[in-house]
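The values are calculated or read from the model by the stated rules, or taken from the named source; none is laboratory data. This is a predicted model, so every value here is computed, not measured. Glycine gets a Cβ as well: all are built from the backbone with ideal geometry, and neighbour counts include every protein chain shown. Each accessible area value is taken on the protein alone, full model and side chains, heavy atoms only, with ligands, DNA and RNA left out. Shrake-Rupley method; radii C 1.70, N 1.55, O 1.52, S 1.80 Å.
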Protein chains: 2
Amino acid sequence: MASTLNLKQATGNQNSWDTLLPDFPKGPLCKYRKKASFNWKEMAVLLDGEDIIQLKNRIFSALESDPLFAHHPGEDLCREKYQELTFLRCKRLFEYDFLTQQEIIENPLKILNMVICIGMYDWSPCLQYFLHCGVFAGTILTASTRFADFVKKVYSMEIFGCFALTELSHGTNTKGIRTTATFDRSTQEFIINTPDFEAAKFWVGNMGKHATHAVVYAQLYTPDGQCQGLHSFIVQIRDTKTLLPIPGVMVGDIGKKLGQNGLDNGFAMFHNVRIPKENILNIAGDVTAEGKYSSSIKQWRLLPYLAAAYALDYFSKSLFENFVEFYAGLLTKQRSQRQTDSGREIHALSAASKPLLSWTAQQAAQECREACGGHGYLAMNRLGEIRNDNDPNCTYEGDNNVLLQQTSNYLMSWMNCIRDKVPFESPFGTINVLQDYRHILGWKFAAASVEDCMDSSVPLAAYKWLVCYLLQESDQKLSKERQSGRSDFEAKNNCQVYYCRSLAIAFIEQTVLQRYHDYTRDPSIPSTLQPVLKNLSALYGLWSLSKHLAVLYQGGYASGEQAGRFIQNAILELCYRLKDDAVALVDVFAPPDFILNSPIGKANGELYKNMWAEILQGSKALNRPSWWAEFCINKPVTGRLRSRL
Amino acid sequence: MASTLNLKQATGNQNSWDTLLPDFPKGPLCKYRKKASFNWKEMAVLLDGEDIIQLKNRIFSALESDPLFAHHPGEDLCREKYQELTFLRCKRLFEYDFLTQQEIIENPLKILNMVICIGMYDWSPCLQYFLHCGVFAGTILTASTRFADFVKKVYSMEIFGCFALTELSHGTNTKGIRTTATFDRSTQEFIINTPDFEAAKFWVGNMGKHATHAVVYAQLYTPDGQCQGLHSFIVQIRDTKTLLPIPGVMVGDIGKKLGQNGLDNGFAMFHNVRIPKENILNIAGDVTAEGKYSSSIKQWRLLPYLAAAYALDYFSKSLFENFVEFYAGLLTKQRSQRQTDSGREIHALSAASKPLLSWTAQQAAQECREACGGHGYLAMNRLGEIRNDNDPNCTYEGDNNVLLQQTSNYLMSWMNCIRDKVPFESPFGTINVLQDYRHILGWKFAAASVEDCMDSSVPLAAYKWLVCYLLQESDQKLSKERQSGRSDFEAKNNCQVYYCRSLAIAFIEQTVLQRYHDYTRDPSIPSTLQPVLKNLSALYGLWSLSKHLAVLYQGGYASGEQAGRFIQNAILELCYRLKDDAVALVDVFAPPDFILNSPIGKANGELYKNMWAEILQGSKALNRPSWWAEFCINKPVTGRLRSRL
């Protein structure tokens, strides 16, 4: 294994390394570079070998010296211009023709490195080039040698290709593909057809603006009406002289995405498009036939975030009320001890809740984005915008990790009272749990079944122990650091990770859970709503707690296989019980469609219809690109620029 | 606590709820909505109260009926147009004047809800409005009643305000602020000055295009040359009639961000700008004076990702070599058992490594983005582009979770050989660890000190146990599910979370670690490089393993407090040891500056100089907005549109 990799021993010496890898410019990093225990050039040669480094240098310097690849700082390139530039750059890659077949055969790793080098510059032209020359041409070449002449046209860019597998309502599950290819014996042709818009080919890279031909996956029907399973076919979709669609093909661009916007991902519908019999590529063997795969993972992925939304929403409001009380005191110039204490407590609570809320929101947005598959990556569905708009919350008004230190400092400040057995309490009661510090440290995980765990009192008790335990650990760690003669700054510094930081997080989660737990048990809650609220409270508590499971074991609160399993199974069971309530729970706080402005998230649930409508509303979705002559007339001369490398 | 919150009991009945909250449109979600165990309208009334729901309805329907707030599907709004639209919308919020002072006093929660409602539509106009009316005016109002007339001009938009605390090279740490305010006794003025560009006010919302006045935080110097600490001042920065900068002020827009691009975040440098003595706002008491906070968290945050980059890069290349071997077999039409087995093994490896690599990259990009603070959120630094371009890797060619199932199915398929004690091996050797399945299940965590743990053989042994244990658990869970009469699909489904999914992840991490561990011990590695490579291997192994710590305890591989502490402390110690090598380790694989195209990441390390240069290269950074008359002439009439609500 890894034989070629190991052959790339660090050959050469300082001189040859210097030739390959010039020094970095002088600057503030010099002093850090000097501290290194090894020579970075020797390492680079060991990892890549001289050959690959030369290839990288060749590619990087070609791009840097080529005006077509120049950066335009501060320029706000519109998507259409970016797509045009991407296509011109892709064409240019033909002219550079960085690797010959011979070089690839001698060292296949070179092709991987070439893709990475161009991708690091910009993934859009890299993917456009690779989808055309690699995926499209590669699929056809592997199928049969009889397409050799066709593939020559790919390499000379007489045609431009794409790989059309996924459909609007069917992504990964290739068995669900519904495009059909019916064999007509009388004319010896296949008839390619899209039954309805949900079966439109969708997400196909290069299809939006440029592709003249597609490898199309479709269910093959023989004249006896039998389905023979998934097969692939070469289908022409645009005229090579004009880039206008072939009659019967409706083809266009799917619109803006969260990234890779230079690449023209597209859609296509086929209305009984006839292709010659010879255009069939394969039997289905090379498409991974997937079985039915779990969809329950999605529910498990998202339901805890739904529970978190309820618990954290309640907490934010209750914290806001605490703040209003405190602010009223400020305005009326109260100078009481309670007013001072309130300020400290609110600061500690808000310093830890901003990290908790902003990280939870960030993870939830990313999880939703992934759970929606590719469609979550379409800009129109706004999951990216929601994630990106929330993102600065993780840093403004203080980096989250810095803020957490302020909360742990506050908590540590109570250790003196605990040690001296002085009674204490805080205005909003959040640190009163520490009054029973010694007693709580003796607690153990006591649930005897999964059912036992399904009440938020179980994670709440565990959290109380966790806060006390992490406080004790942080306190001991700090003493030890100080005893070893470290400065106060250094000592506190070394206590952050795994101690104070975890303490602050556990404390705020415990506080959120305590408040929500109390709320769901309030007698004023209607009996019709209490069961679902209690389930949410239990799920939020257990799910949050499960991230601390290692500490529960480590500190001896839990032991044996059962504790962890109970918690995990209770989470799954609660997800199962909340499954039927999920839509209604979202309905409760969902903003109106107009505000949400997301086709995938509209209240009518017709996600594919909504998306399809919005794509066609994009005035340029079906337009021929204004730079069509750059494909149809100005063909690249493969390898023309090789001599410049 | 939370008294008002509890007052919002679910009042009313179905009729009053229906008036407040209309039904959703019919569609495919109907059947899920019917399954709910509770009435979503009753829940909404419980959570918010009728009063708040009415406010939400009022705001939502005002925005929806106003053409200025119309959505423009498919339109690719350039940043400048978006900033103009944001300002017009912000002005419109003055005209709606959704909440009176009286309403806010009666129920302060309303202001929170108003901000959220507008923010859900778009955070840019919401923040612009809130920074002006809330933060800017609020700061001044709290300082002294003598500014009452000034604040009236804020509410009528005769002036437009911003809050200028952070500086280019000083974010959260307010003690590091370097703008000065020197009192000139002779003229009774303060002289506001920016010592150099690194002390430019930076990131200030509303400053980029619109603000006429800023609350500026500066170190106060008295005539005796003494620094009196941080104080805040009202400083005019633009002419209210023309929106042109005041002499001595250089003010502009910081450029595109990852989100919130309607908001004009800006910068300003002051060249001895004189302001009247009366413009001082406060003594420093209301700025949270922060101490020195840890920066070691950053190293701990990023170093494990650096180690992961090395281990995963090696793994990808080795997997690519396996693939080349397999592909050569395909091309030469080999039909051997080894060829078939290779295909299955490569499929299992790639199905699990795509999730591992794409998630690690996504987390690393987000972590880097956060570790860079606000500057990581500036589009020019490209951390967002890198994250967003990587993002589709988490879903294309199959959702990560679906892919992991394919790997766990492959692993589970070996249980028959294990049970029947039939000898087995795989072409690339990755499942050979299972040959010792029974023996390995008896292993225990054996390290007796932190030092003991600092070798990748320790996490590697733990991973071997983990893979065997999770295989056993998954197999038992599946049997149990099947015995309970569930279908094969359902049974597999219920085994995913916490079992098969964890198994696939642990397996691929173990494989990556095994290969990297072997590589770092290869005799061909120069002795000058081996120590740092071994440290990287140990760090990657321990850091990955630490996410599975709970399972190690749960299954009895680890016990007691020491095991977890050893692992955690070994991670910290390795981060410490690798600290000095960090820059050189990045140098080894960093692309050239031109390719990376990120001022913050340039090899010279002059991040502030690089950023400053790039901002000023943006041709419009210092331009007056083309829509300046919308501020200077067309003033909003506060509350004009209230009657329409």
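Of note:
- Reported count of residues in segment A:605-622, each being among the polar types (S, T, N, Q) and open to solvent by 40 Å² or more (accessible area, probe 1.4 Å), is 2.
- Flag if residue A:527 is part of a helix (DSSP H, G or I), surrounded by fewer than 21 Cβ atoms within 10 Å (Cβ to Cβ), more than 9 Å from chain B (Cβ to nearest Cβ) and without any contact (Cβ under 8 Å) to a residue 40 or more places away in the chain: no
- Residue match in segment A:357-365 (condition: within 10 Å of chain B (Cβ to nearest Cβ), surrounded by fewer than 20 Cβ atoms within 10 Å (Cβ to Cβ) and not in a helix (DSSP H, G or I)): no
- Members of segment A:318-342 found to be within 11 Å of residue A:428 (Cβ to Cβ) and open to solvent by 20 Å² or more (accessible area, probe 1.4 Å), listed by number: A:319, A:321, A:323, A:325, A:326, A:338, A:341
- Restricting attention to segment B:557-570, the residues being open to solvent by less than 30 Å² (accessible area, probe 1.4 Å), more than 27 Å from the chain's Cα centre (by Cα) and at the interface with chain A (Cβ under 9 Å from one of its Cβ atoms) number 3.
- Any hit, segment A:440-455, residues being more than 30 Å from residue A:569 (Cβ to Cβ), free of Cβ contacts under 8 Å to residues at least 24 places away in the same chain, out of contact with any strand residue (DSSP E or B) (no Cβ under 8 Å at 6 or more places or on another chain) and open to solvent by 50 Å² or more (accessible area, probe 1.4 Å): no
- Any hit, segment B:177-188, residues being open to solvent by less than 30 Å² (accessible area, probe 1.4 Å), in contact with a Gly (Cβ under 9 Å, 6 or more places away or on another chain) and of a type in the set (S, T, N, Q): no
- Per-region count, segment B:585-622, residues over 18 Å from residue A:56 (Cβ atoms), facing chain A (nearest Cβ under 8 Å) and not polar (S, T, N, Q): 7
- Selection within segment A:40-77 - facing another protein chain (nearest Cβ under 7 Å), open to solvent by 10 Å² or more (accessible area, probe 1.4 Å) and either within 30 Å of residue B:78 (Cβ to Cβ) or free of Cβ contacts under 8 Å to residues at least 40 places away in the same chain (or both): A:40, A:42, A:47, A:64, A:71, A:73, A:74, A:76
- Residue selected from segment B:498-515 under the condition touching a helix residue (DSSP H, G or I) at 6+ places or on another chain (Cβ under 6 Å) and under 22 Å from residue A:575 (Cβ atoms), by the criterion surrounded by the most Cβ atoms within 10 Å (Cβ to Cβ): B:504
- Subset tally (residues that are touching a residue at least 12 places away in the same chain (Cβ under 8 Å) and over 36 Å from the mean Cα position of the chain (by Cα)) for segment B:404-416: 3
- Of all residues making up segment A:27-38, the number that are more than 7 Å from chain B (Cβ to nearest Cβ) and either touching a Ser or Thr at 6+ places or on another chain (Cβ under 6 Å) or farther than 14 Å from residue B:602 by Cα (or both): 2
- Residues in segment B:299-341 that are within 9 Å of another protein chain (Cβ to nearest Cβ), farther than 19 Å from residue B:351 by Cβ and under 31 Å from the mean Cα position of the chain (by Cα): 5 in all.
- Residues (closer than 17 Å to residue B:516 by Cβ and of a type in the set (A, V, I, L, M, F, W, C)) located in segment B:413-452: B:428, B:433
- Residue A:537 being within 11 Å of chain B (Cβ to nearest Cβ) and of a type in the set (S, T, N, Q): no
- Candidate set from segment A:480-497 (those that are more than 15 Å from residue B:569 (Cα to Cα) and surrounded by 13 or more Cβ atoms within 10 Å (Cβ to Cβ)); member that is nearest to the other protein chains (Cβ to nearest Cβ): A:492
- Each residue in segment A:192-214 was checked for being closer than 22 Å to residue A:83 by Cα and either hydrophobic (A, V, I, L, M, F, W, C) or open to solvent by 40 Å² or more (accessible area, probe 1.4 Å) (or both), and 6 pass.
- Of the helices (runs of 4 or more DSSP H) entirely within segment A:434-522, those holding at least 3 residues that are of a type in the set (Val, Ile, Thr) occupy A:501-520.
- Residue check, residue B:145 surrounded by 19 or more Cβ atoms within 10 Å (Cβ to Cβ) and away from chain A (no Cβ under 11 Å): no
- Qualifying residue in segment A:623-645 (condition: facing another protein chain (nearest Cβ under 9 Å), surrounded by fewer than 18 Cβ atoms within 10 Å (Cβ to Cβ) and in a helix (DSSP H, G or I)): no
- Qualifying residue in segment A:8-26 (condition: within 9 Å of another protein chain (Cβ to nearest Cβ), over 32 Å from the mean Cα position of the chain (by Cα), closer than 18 Å to residue B:586 by Cβ and open to solvent by 60 Å² or more (accessible area, probe 1.4 Å)): yes
- Failed item in (1) open to solvent by less than 10 Å² (accessible area, probe 1.4 Å); (2) within 14 Å of another protein chain (Cβ to nearest Cβ), with residue B:258 passing the rest: (1)
- Verdict on residue A:162 being open to solvent by less than 10 Å² (accessible area, probe 1.4 Å) and touching a strand residue (DSSP E or B) at 6+ places or on another chain (Cβ under 8 Å): yes
- Hits in segment A:317-356 (condition: farther than 21 Å from residue A:408 by Cβ, among the hydroxyl-bearing types (Ser, Thr, Tyr) and part of a helix (DSSP H, G or I)): A:318, A:327
- Residue in segment B:448-461 that is under 23 Å from residue A:546 (Cα atoms) and either at pLDDT below 95 or under 32 Å from the mean Cα position of the chain (by Cα) (or both) present: yes
- Some residue of segment A:241-252 being within 14 Å of chain B (Cβ to nearest Cβ), surrounded by fewer than 24 Cβ atoms within 10 Å (Cβ to Cβ) and polar (S, T, N, Q): no
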